[in-house]
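Trainee: Structure below; questions to follow.
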Amino acid sequence: MVLKKTFLTWIKDFVFLKDFYIPSFKIASMRIILLFFLLFTTELAFAQISREEIIKASETQLRSSLIEFREYLSLPNNGNSPADIVLNLDWTQKALRERGFQTQILTGNGVPHLFAQGKMDPKKKTILVYMQVDGQAVDSSAWNQESPYIPELMEEIEGKWEPINWNFLDGKINLEWKIFARSASDSKGPTMAFFSALDILQQKGIEPSVNLKLILDFQEEISSPELAPLVSANKDLFHADGILILDGTRHFSNLPNLAFGARGIVTATIKVFGPSNNLHSGQYGNFAPNPAFQLSRLLAAMKDESGKVLIPGFYEGVSISEADFKAMSEIPEDNVEMAHEMGFAEAEKVGRNYQEALQFPSLNIRGLKSGWVGSEVRTLIPAEAVVEIDIRTVKETPNERQLALLQKFILEQGYYLIEGSEPTEEERKSYSKIASLKTRNGSEPFRAAMDSEFAFWLDRGMTHVFGDQYIKTRQTGGSQPMAPFINILGAPAVSVRIPNPDNNIHGPNENIRIGNFLEGIQTCLGILTQAF
């Protein structure tokens, strides 16, 4: 319903007998009815706009949004680089000030974070919006363009993505075009979509239906190490009724998507030691133990052929009700089709379907190294073998517990774990299976209720724009640093998913589909114009 200001003014004038002279026919009753109408509709009038207006305004804004987005993507944004952080901090601070936000820099252990706040109305609920600014490190040589920080507008031609001139945006914009650059999807794209929605509201003279606080994170890709103490030290500043996360990829179907939870993450480096030096495989083969074989046996013992983790207690506490599974099964996806699309024959059997699999903790080998390969291969028994592991956790399987289970498992396989970086001479003589274990605790898992007032507000915004053509997922597989906000502030957090699922995040040729970017603007407009 769209309520015009002039209509509400007319009602007010009538209720309070301003310039109205009507014959007496139970006018008091009419005034009472209209007064109730006024009370219950005034709050709706300040923000709601029709779906048609949202679609038209977002399409009109699209070109200028993409031009500004191109500028934003051209800023290198490695969270380990102080210079990159400052570059992006300055840009985003200027962008928010131009949109009427007050900003302040919050520093934790020398790392800046940007906090911004819009106009505050005590009668409105307050939403804290989390935005990720940094991106994964890049290997420019692996990208199909000059640089990941020189954004390319591309069109698919005969199965290959080819660059096209940015001037093409002056004509009819093809929603299947993509923009390739680091952080196009993860997560400058969602941030820019939100900024564009604010621009549209400002142009129309419409106030958001909620008070807005924003926190911009410049080290999400290294698990936001300073965020928790920062939130703890500024609880009143961050206070909110709900947290909106502008980060994360859509479901495989590419339907607009709300995700009500995320898995946590911990990482581990296991190094298995062999001889003190690399040895000639001809001279010492069949005599000196090869640490690559030792590590292979250790890793093979961690998982069975169906993909289930064999570390005792790894899944303990996780329980999926039939009601939960039924809700997951209603999400449009086909396991076989998804597997074939991703290039393998058969999925692992941790869950009965993809959604259920995401409700369990996972164990992944993300890198292996021992000796040399390719053109540098050598006939040597390597001195050591190294594996990098990540473990995704869920609420029922806390990070610290999973790391403890991993360590216990390694010890039970007969390994002696050293304290330093290299075994001592005495340790080498005393133990046949020697390893080191270095771990790092990252983001904690979280999950929000799908039937809260906050959830219903988001649902109204999504339905207003997309009808029933959007999905709600209980938990996403990735990780987000929301636990400090949830645990310290006691507020629920939900992720609005905008980027296309084939976006290559964290790897070469990261991209965002323009159609997704446009729907991101529409999503933000739909949510920000619903009464909460």
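Trainee: How much net charge surrounds residue 241 when only other residues with a Cβ under 11 Å from its Cβ are counted (Lys, Arg +1; Asp, Glu -1)? Intermediate values should be presented prior to the final figure.
Mentor: Numbers: positive: 124, 125, 213; negative: 453.
Computed value for this residue: +2.
Trainee: Compute the length gained on full extension between residue 308 and residue 98: take 0.36 nm times their separation in residues and subtract their Cα-Cα distance, giving the result in nm to one decimal.
Mentor: Numbers: separation 210, 0.36 × 210 = 75.60 nm, distance 5.14 nm.
Stretched out fully, the residue 308 to residue 98 stretch lengthens by 70.5 nm.
Trainee: What does the charge count near residue 113 come to, summing +1 for each Lys or Arg and -1 for each Asp or Glu among other residues with Cβ under 10 Å from its Cβ?
Mentor: Values: positive: none; negative: 217, 226.
Computed value for this residue: -2.
Trainee: Just to be sure I understand the model, the point goes 7 Å from the Cα along the line to the Cβ. What's the resulting residue 222 to residue 276 distance in nm?
Mentor: 3.5
Trainee: If you find the alpha carbon centre of the stretch 243-315 and of the stretch 368-404, how far apart are they in angstrom?
Mentor: 6
Trainee: What FRET efficiency comes out for residue 428 versus residue 345 if R0 is 45 angstrom and r is the Cβ-Cβ distance? Round to the nearest 0.05.
Mentor: On the way: r = 43 Å, r/R0 = 0.97.
For R0 = 45 Å, the calculated efficiency reads 0.55.
Trainee: Where does helix 51-73 land angle-wise versus the long Cα axis of the chain, in degrees 0 to 90, nearest 10?
Mentor: 40
Trainee: So, counting K/R as plus one and D/E as minus one, what does the shell of residues with Cβ under 12 Å around residue 324 add up to?
Mentor: Numbers: positive: 326, 352, 447, 474; negative: 322, 330, 356.
Net of charged neighbours comes to +1.
Trainee: As an exercise, use a Förster radius of 22 Å and the Cβ-Cβ distance of residue 52 and residue 202 to find the FRET efficiency, rounded to the nearest 0.05.
Mentor: Details: r = 20 Å, r/R0 = 0.90.
Computed FRET efficiency for residue 52 and residue 202 comes out at 0.65.
Trainee: Now for a separate question. Using Cα centres only, tell me the gap between the stretch 48-64 and the stretch 149-181 in whole Å.
Mentor: Cα centroid to Cα centroid, the span is 22 Å.
Trainee: Between residue 141 and residue 284, what is 0.36 nm times their sequence separation minus the Cα-Cα distance? Round to one decimal in nm.
Mentor: Working: separation 143, 0.36 × 143 = 51.48 nm, distance 3.86 nm.
Between residue 141 and residue 284, full extension yields an extra 47.6 nm.
Trainee: Arranged from highest to lowest average of other beta-carbon atoms within 10 Å per residue, in what order do the peptides 79-89, 319-329, 456-466 appear?
Mentor: Details: 79-89: 16.5, 319-329: 12.2, 456-466: 19.1.
Descending packing order for the listed peptides: 456-466, 79-89, 319-329.
Trainee: Let me ask something else. Tell me, 366, 352 in order of fewest to most beta-carbon neighbours within 10 Å?
Mentor: On the way: 366 9, 352 13.
The order, fewest Cβ neighbours first, is 366, 352.
Trainee: Provide 443, 281 in ascending order of the number of other Cβ atoms located within 10 Å of each residue's Cβ, fewest first.
Mentor: Numbers: 443 25, 281 16.
By the 10 Å Cβ count, ascending, the order reads 281, 443.
Trainee: Please work out, to two decimal places, the log10 of the ratio I(q)/I(0) at q = 0.05, 0.10 Å⁻¹ from a Debye calculation in which every Cα of the chain carries one identical scatterer.
Mentor: -0.26, -0.90
Trainee: Apply the Karplus parameterisation 6.51 cos²θ - 1.76 cosθ + 1.60, with θ equal to phi minus 60°, to every residue of the stretch 211-219 and state each ³J(HN,Hα) to the nearest whole Hz, in sequence, with x for glycine and proline.
Mentor: 6, 10, 10, 10, 10, 9, 9, 9, 9
Trainee: Give the calculated FRET efficiency between residue 255 and residue 105 to the nearest 0.05, with a Förster radius of 30 Å applied to their Cβ-Cβ distance.
Mentor: Details: r = 37 Å, r/R0 = 1.25.
Given R0 = 30 Å and the Cβ-Cβ separation, E is 0.20.
Trainee: In addition: Taking N as the number of residues in the stretch 203-356, what value does Rg over Cα atoms divided by 2.2 N^0.38 Å take? Intermediate results must be reported in sequence, preceding the final value.
Mentor: On the way: Rg = 23.8 Å, N = 154, 2.2 N^0.38 = 14.9 Å.
Relative to the rule-of-thumb radius for its length, the stretch 203-356 sits at 1.60.
Here, each number is a calculation from the coordinates, and none is a lab measurement. For clarity, every value in this text was computed on a predicted model and none was experimentally measured. Glycine also receives a Cβ, built like all others from the backbone with ideal geometry; neighbour counts cover every protein chain displayed.
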